[in-house]
Amino acid sequence: MENILNIADEMMLSISESEYYKNYILCKKKVMQDSELLAKMKEFKRLHVHIQCKIANGEPYDLNEEANVSRLYFNLLQNKTAKEFFESEAKLYKIIAEIFSKLGRQCSELLTEF
């Protein structure tokens, strides 16, 4: 068991040393230096998560809320720093999702073979 946890630690270290993560941190620092942009991005994230939670829970949500989130996202993408952050975040999330997917498939194969 300890070996498995050590491998997980090594994987996290590898992710933190990757260009994906380094670029994400660089872009995040740029966003943090612009208080107005940071406030807009926090508001976007808050509203986006709010809608996603409603969807996940099967709760109705106001289509105007969704339109406002889309409009805010579109406006943020006009800012080079915000656009670079969102792109770096998406790339990092994609590689992490690929890792989880691969682990899930392999664990499924291990558990179903008998």
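Just so it is clear, none of the values below were taken in a lab; they were calculated from the coordinates. Note that the structure is predicted; figures quoted are calculated from it, not measured. We place every Cβ from the backbone using ideal geometry, glycine too, and count neighbours over all the protein chains shown.
Check the stretch 50-70 and report whether any residue there is out of contact with any helix residue (DSSP H, G or I) (no Cβ under 9 Å at 6 or more places or on another chain) and within 23 Å of Ile25 (Cβ to Cβ). No. Exactly one residue among Tyr93, Tyr73 is under 25 Å from Ser18 (Cα atoms), of a type in the set (Ser, Thr, Tyr), surrounded by 11 or more Cβ atoms within 10 Å (Cβ to Cβ) and free of Cβ contacts under 8 Å to residues at least 40 places away in the same chain, and that residue is Tyr93. Leu13 meets the conditions (1) assigned to a helix (DSSP H, G or I); (2) surrounded by 12 or more Cβ atoms within 10 Å (Cβ to Cβ); (3) over 17 Å from the mean Cα position of the chain (by Cα) in every case but one. The failed one is (2). Within the span defined as the stretch 73-82, every residue fails to be farther than 16 Å from Ala39 by Cα, of a type outside the set (Ser, Thr, Tyr) and under 16 Å from the mean Cα position of the chain (by Cα). Of all the residues in the stretch 38-74, those that are assigned to a loop (DSSP other than H, G, I, E, B) and either touching a Leu at 6+ places or on another chain (Cβ under 6 Å) or polar (S, T, N, Q) (or both) number 1.
How about the stretch 42-53: which of its residues are without any contact (Cβ under 8 Å) to a residue 24 or more places away in the chain and loosely packed, with under 15 Cβ neighbours inside 10 Å? Once the filter is applied, which keeps residues that are without any contact (Cβ under 8 Å) to a residue 24 or more places away in the chain and loosely packed, with under 15 Cβ neighbours inside 10 Å, the stretch 42-53 yields Lys42, Lys45, Arg46, Val49, His50, Gln52, Cys53.
Being in contact with an Asp or Glu (Cβ under 9 Å, 6 or more places away or on another chain) and surrounded by 12 or more Cβ atoms within 10 Å (Cβ to Cβ) is a condition met by no residue of the stretch 101-110.
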